[in-house]
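Worksheet: one structure, shown below.
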Amino acid sequence: MNNVFIVRRAFSTSCMLCPWRRARKVVLSSGQLAHQSQGLVFKGCTNFKRWFSSRTANSMNIFDRNMKRRQKNWAAALQDGDKYHYLRDEVGSRVADRVFDIARTFPLALDIGCGASHIALHLNKETIEKLFLMDVTVNALKLKETEIPTYRVLADEEFLPFKENTFDLVVSSLSLHWINDLPGAFRQIHHVLKPDGVFIGAMVGGETLYELRCSLQLAELEREGGFAPHVSPYTAVTDLGNLLGQAGFNMLTVDIDDIQVYYPGMFEVLNDLQGMGESNCAWNRKPMLHRDTMLAAAAIYKEMYGSEDGSVPATFEILYMIGWKPHESQAKPAKRGSANMSFGDLGKIIQPPSKKQ
């Protein structure tokens, strides 16, 4: 078993203004890695200026990252927290299936926002030789063990503390939708991948929890004369391919999967979201809802979306993405105008078989 037993800083303590002081603790699970952490895998503050300048100057600050860290840490510390892992485990298994679809062995892989090893539990040593599990919360890193040799890293998903061209594979499941600068995060993932490395991720899409969103908005309009956002904004599938392409990935694959989970009522939906650490953390969130508004929203939810047995659905739109870091060995499309035959001539070459008289 890989027990976390050493915690150390991966930055210079003299750099007092560096934001990584609060985001880049490194938790190592093997003494073998301790002497390598400064030079082989982790990068220090000398590289931060380059990364800081690469981030968009007008990147939006939508989410309270400290609030999200507390929410996830609280959820990971629950004694019965396993009962809230059903969605993450299901999506993690589907991400792992996409890893198995690639017929190669990955010497070194990174799982961003690993949680309770929701992807790693479905992988094996024949596919991945070594795996870095990275999460923003300490309690999540102390959870389940895997058969793959792992190194556990406590770091913020918005600031990856790794050197360029380090990993053969980067995976992520249901974590990137809480990042403020998603284009910058994709660029950092591209940066830490080796040439011909692959990124496989999953994140919730824009239609997630539309039943809950509509019910709360209608109830607030009725009871309070207006509404505030209670479900966090999510990325649209139409934007995802463009963001990956702008980050430098090629041979892109993006697909959608809708997962519907049925609950006794709206309050059970909210309870499970809290247990998952998926409560709203947007800066413009409303601090509280009146009791009458909540009861009205629950009634609207059941009236509009309830099934015959009295249960209500919650839809999770999952966006899966695969992107490769360019390499000369990869197949390249032919140059525009290089064709020596038109589609109109194909009919002359491929003649249908003549009918026998």
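Each reported figure results from applying straightforward, stated rules to the coordinates on display, with no laboratory input. These numbers were taken from a predicted model, which means no experiment stands behind them. Neighbour counts run over all protein chains shown; Cβ positions are idealised from the backbone, glycine included.
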TODO: Return the subset of LYS144/LYS194; LYS194/LYS335; LYS68/LYS332 for which the Cα-Cα distance in this structure is over 31 Å, preserving the input order.
DONE: LYS68/LYS332
Task: Phi to ³J(HN,Hα) by Karplus 6.51 cos²θ - 1.76 cosθ + 1.60 over region 71-84, Hz, x for Gly, Pro - done: 4, 5, 5, 5, 5, 5, 8, 5, 5, 9, x, 4, 6, 9
Open item on the list: Taking θ = phi - 60°, what integer Hz values does the Karplus form 6.51 cos²θ - 1.76 cosθ + 1.60 yield along region 104-117, in sequence order, with x for Gly and Pro?
Closed with: 7, 9, 9, x, 9, 10, 10, 10, 8, x, 5, x, 8, 6
- [ ] Report the net charge of residues surrounding PHE63, where surrounding means a beta-carbon distance below 14 angstrom and charges are Lys +1, Arg +1, Asp -1, Glu -1.
- [x] 0
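Sorting check: for 321-327, 245-251, which peptide has the highest mean count of neighbouring beta carbons within 10 Å, and how do the rest follow? Display every interim value, and only then the final one.
Working: 321-327: 20.1, 245-251: 15.9.
Peptide ranking by packing, descending: 321-327, 245-251.
Under a Cβ-Cβ cut-off of 9 Å, what is the net charge of the residues other than SER172 that fall near it, where Lys and Arg count +1 and Asp and Glu count -1? Mind showing how you got there, number by number?
Numbers: positive: none; negative: ASP111, GLU157.
Here the charged neighbours net out to -2.
Using 0.36 nm times the number of residues separating LEU221 and MET288, minus their current alpha carbon distance, what extension gain do you get? Working shown, then result.
On the way: separation 67, 0.36 × 67 = 24.12 nm, distance 1.53 nm.
Taking 0.36 nm per residue and subtracting the Cα distance, the gain is 22.6 nm.
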Open item on the list: Residues of region 311-328 with the amide nitrogen closer than 12 Å to a label point 7 Å from the Cα of ASP258, along Cα-to-Cβ, please.
Closed with: 314-318
Task: Neighbour net charge for ILE259 - beta-carbon separation under 10 angstrom, K R +1, D E -1 - done: -3
Task: Karplus-derived HN-Hα couplings along region 306-320 (A = 6.51, B = -1.76, C = 1.60, θ = phi - 60°), whole Hz, x at Gly and Pro - done: x, 8, 5, 7, x, 7, 10, x, 10, 9, 10, 8, 9, 9, 9
